[in-house]
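The values are calculated or read from the model by the stated rules, or taken from the named source; none is laboratory data. None of these values were measured; they are calculated from a predicted model. Cβ atoms come from the backbone with ideal geometry, glycine included; neighbour counts cover every protein chain shown. Side chains are part of the model used for accessible areas, which takes the heavy atoms of the whole protein and leaves out ligands, DNA and RNA. Shrake-Rupley method; radii C 1.70, N 1.55, O 1.52, S 1.80 Å.
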Amino acid sequence: MAVKAGRYRGQSAQERVAARREQLVAATLEVWARVDGPPVTMTRICAEAGLTERYFYEQFANLDEALLALLAEITDEIRTVVDEAITSTEGGPAERVRAAVAAFVHVITDDPRKGRVAILRGAARPTLSGRRSAMLRGFGAYAASEAAALYGTDALEGRDGELAGLMFIGGVEKLVSAWLEGSIDAEPDDIVDAATRAFDRLGHN
């Protein structure tokens with residue numbers, strides 16, 4: 001849909017479109033993550049955002065596109081905070097690994113809504129399974145590449161590194177799932193400790 005040029009209340013047309021997208025993605029998080037709430041729908045997202053359906057379809061072709069946009073935003077946030085933790089933490093690989101793992105885990109435990117949608121709700125929606133699996137594989141490859149950068153020649157290489165990266169991501173996912181569901185007696189820092197030990201195995205060739 002074409003957007004008319006011009007400024008309104010100090011915002012350009014492009015800025016207004018971007019702001020509406022932010023509203024809709026934030027509303028998607030709120031609606032999809034509700035505990036024991038009604039199913040997520042385009043209508044409920046629009047109501048939460050305070051926008052009409054016209055503006056939803058300005059951004060997304062359907063509901064799944066909105067859900068994927070939210071998952072992509074969470075993925076980007078995790079990569080950003082992990083990169084920042086690695087580059088800003090002093091010390092050797094052990095210190096930087098723990099900082100990176102803590103940054104990763106705390107994105108999805110500090111705001112449990114993000115954990116619920118990225119791990120629990122995303123996994124339960126069949127139409128998202130392929131894209132979500134691709135995201136997890138991407139995180140596994142990312143973990144393996146970061147291990148190589150941190151550990152150098154000591155890191156697992158090639159296929160071994162890829163498989164270990166996938167195992168690491170899968171293990172963290174299961175731990176956080178159990179924490180979100182209340183089925184394990186653990187604090188987020190306990191998850192960080194366990195995940196740090198698992199990531200350290202990527203650095204032993």
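From the set of residues in the stretch 55-67 that are open to solvent by 30 Å² or more (accessible area, probe 1.4 Å) and in contact (Cβ under 8 Å) with a residue 24 or more places away in the chain, which is farthest from ARG20 (Cα to Cα)?
ASP64
For the stretch 22-46, give me each residue that is without any contact (Cβ under 8 Å) to a residue 12 or more places away in the chain and either touching a strand residue (DSSP E or B) at 6+ places or on another chain (Cβ under 8 Å) or exposed (fewer than 14 other Cβ atoms within 10 Å of the Cβ) (or both).
Hits for the stretch 22-46 are GLU22, ASP36, GLY37, PRO38, PRO39, THR43.
Could you say which residue among ALA141, ALA147 is more than 21 Å from ALA123 (Cβ to Cβ), part of a helix (DSSP H, G or I) and of a type outside the set (Asp, Glu)?
Being more than 21 Å from ALA123 (Cβ to Cβ), part of a helix (DSSP H, G or I) and of a type outside the set (Asp, Glu) holds for just one of ALA141, ALA147, which is ALA147.
Per-residue answers, yes or no, for (1) open to solvent by 60 Å² or more (accessible area, probe 1.4 Å); (2) in contact with a His (Cβ under 7 Å, 6 or more places away or on another chain); (3) assigned to a helix (DSSP H, G or I); (4) free of Cβ contacts under 8 Å to residues at least 24 places away in the same chain:
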site: ILE169; (1), (2), (3), (4): no, no, yes, no
site: LYS174; (1), (2), (3), (4): yes, no, yes, yes
site: ALA178; (1), (2), (3), (4): no, no, yes, yes
site: SER183; (1), (2), (3), (4): yes, no, no, yes
site: ASP190; (1), (2), (3), (4): yes, no, yes, yes
site: ASP193; (1), (2), (3), (4): no, no, yes, yes
site: LEU202; (1), (2), (3), (4): no, no, yes, no
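So if I check each of ARG79, ARG21, which one is assigned to a helix (DSSP H, G or I) and at pLDDT below 95?
ARG79
Considering only the stretch 100-119, I want to know if a residue exists there that is under 20 Å from ARG137 (Cα atoms), of a type in the set (Ser, Thr, Tyr), open to solvent by less than 30 Å² (accessible area, probe 1.4 Å) and part of a helix (DSSP H, G or I).
No: the stretch 100-119 contains no residue that is under 20 Å from ARG137 (Cα atoms), of a type in the set (Ser, Thr, Tyr), open to solvent by less than 30 Å² (accessible area, probe 1.4 Å) and part of a helix (DSSP H, G or I).
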